[in-house]
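Visitor: Encoded as structure tokens, here's the structure I'll be asking about.
Please treat every number below as a calculation from the coordinates, not as lab data. Model, not experiment: these values are computed from the prediction. Reconstructed Cβ throughout: ideal geometry from the backbone, glycine too, with neighbour counts over all protein chains shown.
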Amino acid sequence: MVWHIFKKDWKLAWVFVLLVSVIHWMDAAIIHKLGLFGEDPTLGMLAEVLPVLAIFASMFLIAAIVHLDPIPGVRQDWLARPIARRDLVLEKFLFVVLMVNGPILAEVLLQGLANGFSFRLSLLAAAWQTEFLFFAFTLPLFSFASVTQNMTQAFILGSGCAFLIGMFTTVASDLNGRAHGTLEPLPWSGVGWVGETARFVLVVAAAITILGLQYFRRKTLVSRFLVALFGFMILATLFLPWKPAFAIEQKLSPKPNAGRDAVVAFDSGLGKFRSPSGLRASSEQRRRYNVGEHASVFLPLEVAGIHTDAFLLTDRVEVRFISMDGKIAFHGIGEEVEVAKEGPNAVADPIYQEIQLPTSVYRDTKDQPVRAQVDYSLTLFRLRGSYSIPALGGDERMPDFGWCETKMNEAETAVELRCMQPGKGPTCATLFLENKATGQRNPVRSSCHGDYSPYSGWYTGDNMAQFGANIPFRDSSGLAKFPVDGPQLPQSRVVIRVYEPEDHFTRSLTIPEIRLKDWEAQ
């Protein structure tokens with residue numbers, strides 16, 4: 001019976017399936033045509049619009065497939081025949097997976113092959129993308145569509161849910177800003193996959209419960225209530241606490257205890273922070289959370305105990321300033337700190353921990369002695385490999401890194417490096433320009449972000465990671481002189497040193513007494 005229902009659905013929906021598939025494949029073709037630099041503005045706009053259109057088209061396709069044999073109501077053909085409930089839900093599940101996720105699998109696979117990657121890497125990226133979208137998109141929408149009778153009901157109920165989700169996230173974002181980033185620790189962090197996995201588990205539980213109630217008991221009212229309940233629980237995972245999530249990441253460290261000798265200490269001997277540009281450091285970067293008036297203090301640090309060819313990244317910096325009477329004057333998140341030790345004779349730059357405070361808090365506490373408590377969640381990276389590519393006109397494929405190209409930017413001040421790799425891109429890398437003939441090097445630039453998820457996938461797009469960096473060789477203001485400048489570029493190469501996570505660990509720093517005004521930037 002499953003096969004008979006499948007053939008019936010295919011006869012009714014094949015045009016819709018084909019149209020949605022074509023949208024996905026058009027997106028892949030445009031991204032392939034754009035290449036790494038994406039210099040065609042028209043295709044660039046289409047590349048931004050089509051993934052969103054493809055997701056919405058897939059959303060309506062899932063609903064349309066379910067509504068071919070709707071569950072709510074009393075006049076359905078499948079009730080009069082009758083058709084076994086188990087056969088119906090199994091057929092709908094198979095049809096949705098094959099006709100919605102199947103074209104996405106083909107899209108990512110063809111995209112990888114068209115860009116010159118091996119069949120194994122392309123298929124692996126396609127499989128991860130399909131599996132990710134199954135839990136993040138297909139399964140929840142399949143369950144949602146089962147509680148509606150037609151597209152009108154689905155649209156009305158979906159609009160209501162979208163409004164509530166928007167209200168929830170807006171309020172949550174505002175509260176998180178007022179709490180200086182301490183309420184939503186996991187989203188956009190390296191361990192965000194822990195919360196995402198929790199959401200996937202809830203999606204599976206919701207799907208089993210709701211689909212079971214709908215297809216075997218036809219309890220639509222109860223199922224709609226469960227949609228709201230599970231939806232609220234899924235949104236609540238945004239507030240999962242940091243420490244348990246990071247503890248899970250610690251257990252999964254590839255080389256536990258590799259960072260056992262790492263030490264973070266307060267080093268007042270470094271003196272005040274001096275901004276290289278002469279501007280206030282806080283004006284040189286975007287505010288992490290709330291916009292508005294704020295002040296920055298810079299605590300000088302000594303970081304020791306890191307082995308050679310290692311990179312230390314702060315995943316989270318939680319700061320408390322506590323007055324002498326025990327009251328918390330400020331509780332928030334500090335800025336990210338990076339420490340690289342490349343080579344045995346590497347000269348480390350002074351390290352400062354920037355902490356942004358609301359101006360009102362700073363004004364009230366700057367002259368008073370406070371105790372500073374800084375809790376660090378850290379990841380130690382080890383060198384995985386080193387690659388190089390010509391600074392101009394480079395076009396190379398590097399094992400475990402991907403396909404990269406280089407060219408000079410339009411302002412003729414930097415070398416643009418753009419790369420592509422199936423699945424996840426590298427988490428951490430340092431880059432510099434080197435003249436092979438003279439051995440001269442420009443200052444090292446780092447490009448690191450915490451992303452320790454054991455899987456890859458995107459809500460939109462094709463699971464082909466595109467990444468890169470601009471490596472400057474000339475200062476347009478004339479204030480800085482680079483060892484490797486424009487005339488040397490034909491003889492120079494971009495050196496890429498790739499790091500991979502080795503150990504996740506925590507450290508705490510306590511400063512018994514400081515005055516905040518003493519650590520403003522000069």
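Visitor: Report the far tail of the P(r) of the chain, meaning the percent of Cα-Cα pairs longer than 39 Å.
Guide: Here the tail beyond 39 Å accounts for 38 percent of pairs.
Visitor: Which Cα, out of ASN470, GLY271, VAL374, lies furthest along the positive dipole direction of the range 256-522 (beta carbon charges, K/R +1, D/E -1)?
Guide: Value computed over the given set: GLY271.
Visitor: Over 32 Å, how big is the tail of the calculated P(r) for the range 256-522, in percent of all Cα pairs?
Guide: Of all Cα-Cα distances in the range 256-522, 33 percent exceed 32 Å.
Visitor: Enumerate the whole-percent occupancy of each 5 Å bin, from 0 to the last occupied one, for all C-alpha pair distances of the range 442-522.
Guide: So the P(r) values, bin by bin, are 2, 7, 12, 12, 12, 12, 14, 15, 10, 4, 1.
Visitor: Towards the positive end of the charge dipole of the range 31-104, with charges on Cβ (+1 Lys, Arg; -1 Asp, Glu), say which of ILE83, HIS67, HIS32 has the farthest Cα.
Guide: My answer, from the dipole projection, is ILE83.
Visitor: So how far apart, in nm, are the two label points at ARG81 and PHE239 if each is 7 Å from Cα heading toward Cβ?
Guide: Placing both labels 7 Å beyond Cα along the Cβ direction yields 4.6 nm.
Visitor: Further question on the same structure: Please compute the length gained on full extension between ARG260 and THR413, using 0.36 nm multiplied by the number of residues separating them and subtracting their Cα-Cα distance.
Guide: Length gained, ARG260 through THR413: 51.0 nm.
Visitor: Taking the Cβ of ALA125 as the centre, find all other residues whose Cβ is under 13 Å away and add up their charges (Lys, Arg: +1; Asp, Glu: -1).
Guide: Net charge around ALA125: -1.
Visitor: Compute the distance from the alpha-carbon center of the range 459-491 to that of the range 296-316, in whole Å.
Guide: So the two Cα centres are separated by 25 Å.
Visitor: Out of LEU226, GLY343, GLY402, whose Cα points farthest toward the positive end of the dipole of the chain (charges: +1 Lys, Arg; -1 Asp, Glu; placed on Cβ)?
Guide: The residue sitting most towards the positive pole is LEU226.
Visitor: Stretch ILE156-SER323 to full length: gain in nm at 0.36 nm per residue minus the Cα-Cα span?
Guide: 54.9 nm
Visitor: Using the reciprocal of the averaged 1/r over all distinct C-alpha pairs, how large is the Kirkwood radius of the range 2-240 in Å?
Guide: 19.7 Å
Visitor: Take SER447, SER275, SER377, SER21 and order them by how many other Cβ atoms sit within 10 Å, fewest up front.
Guide: Lowest to highest Cβ neighbour count: SER275, SER447, SER21, SER377.
Visitor: Now for a separate question. Given the Cα-Cα distance of LEU164 and SER508 and 0.36 nm per residue of separation, how much length would full extension add, in nm?
Guide: That pair, LEU164 and SER508, stretches by 119.9 nm at full extension.
Visitor: Right, something else. What size of dipole, in debye to the nearest 20, comes out for the range 1-155 about its Cα centre when the only charges are +1 on Lys and Arg C-beta atoms and -1 on Asp and Glu C-beta atoms?
Guide: 640 debye
Visitor: Additional query: What's the angle, to the nearest 10 degrees (0 to 90), between helix 220-236's Cα axis and the longest principal axis of the chain?
Guide: Taking the Cα atoms of the chain, the angle to 220-236 is about 10 degrees.
Visitor: To the nearest 20 Debye, how big is the dipole of the chain about its Cα centre, given +1 on the beta carbon of each Lys and Arg and -1 on that of each Asp and Glu?
Guide: 1520 debye
Visitor: While we're looking at this one, here's another question. Using the alpha-carbon atoms, what tilt in degrees (0 to 90, nearest 10) does helix 151-178 show relative to the longest principal axis of the chain?
Guide: Relative to the chain, helix 151-178 is tipped by roughly 20 degrees.
Visitor: Then there's this: Computed FRET efficiency, Cβ-Cβ of ALA480 and HIS32, R0 30 Å: what is it to the nearest 0.05?
Guide: 0.20
Visitor: Then there is this: Return the unpartnered cysteines for the chain, using a Cβ-Cβ cut-off of under 4.7 Å.
Guide: Cysteines lacking a close Cβ partner in the chain: CYS161.
Visitor: Identify the residues of the range 381-414 with backbone N under 13 Å of a label point that sits 7 angstrom from the Cα of LYS436 along the Cα-to-Cβ direction, or state none.
Guide: Only 387-392, 394-395 fall inside the zone, counting backbone N under 13 Å.
Visitor: Something else: Tally Lys/Arg at +1 and Asp/Glu at -1 over every other residue whose Cβ is under 14 Å from the Cβ of SER146; what's the total?
Guide: Neighbour charge sum, excluding SER146 itself: +4.
Visitor: Applying 1/(1 + (r/R0)^6) with R0 = 22 Å to the Cβ-Cβ distance of GLN149 and ALA228, what FRET efficiency is obtained, to the nearest 0.05?
Guide: FRET efficiency, GLN149 to ALA228: 0.80.
Visitor: Sticking with this one: What do you get for the angle between helix 242-251 and the principal long axis of the chain? Use alpha-carbon atoms, 0 to 90 degrees, nearest ten.
Guide: It is inclined by approximately 90 degrees.
Visitor: In which sequence would TRP193, TRP188 go, from the one with the fewest C-beta neighbours within 10 Å to the one with the most?
Guide: TRP188, TRP193
Visitor: Let me ask something else. Which whole-number value in Å³ per residue fits the convex hull of the alpha carbons of the range 106-265?
Guide: Per-residue hull volume (Cα only) is 191 Å³.
Visitor: Taking square-rooted eigenvalues a ≥ b ≥ c of the alpha carbon gyration tensor, is the range 362-521 rounded, prolate or oblate, where a/c under 1.5 means rounded and, failing that, a/b exceeding b/c means prolate?
Guide: Note, shape of the range 362-521 comes out oblate.
Visitor: In the neighborhood of GLU107, defined by Cβ-to-Cβ distances under 15 Å, what is the net charge if each Lys or Arg adds +1 and each Asp or Glu adds -1?
Guide: Spelling it out: positives minus negatives among the neighbours equals -2.
Visitor: Report the residues of the range 487-521 in range of a label on LYS251: point 7 Å along Cα→C-beta, backbone N strictly under 18 Å from it.
Guide: Residues passing the 18 Å test: 503-506.
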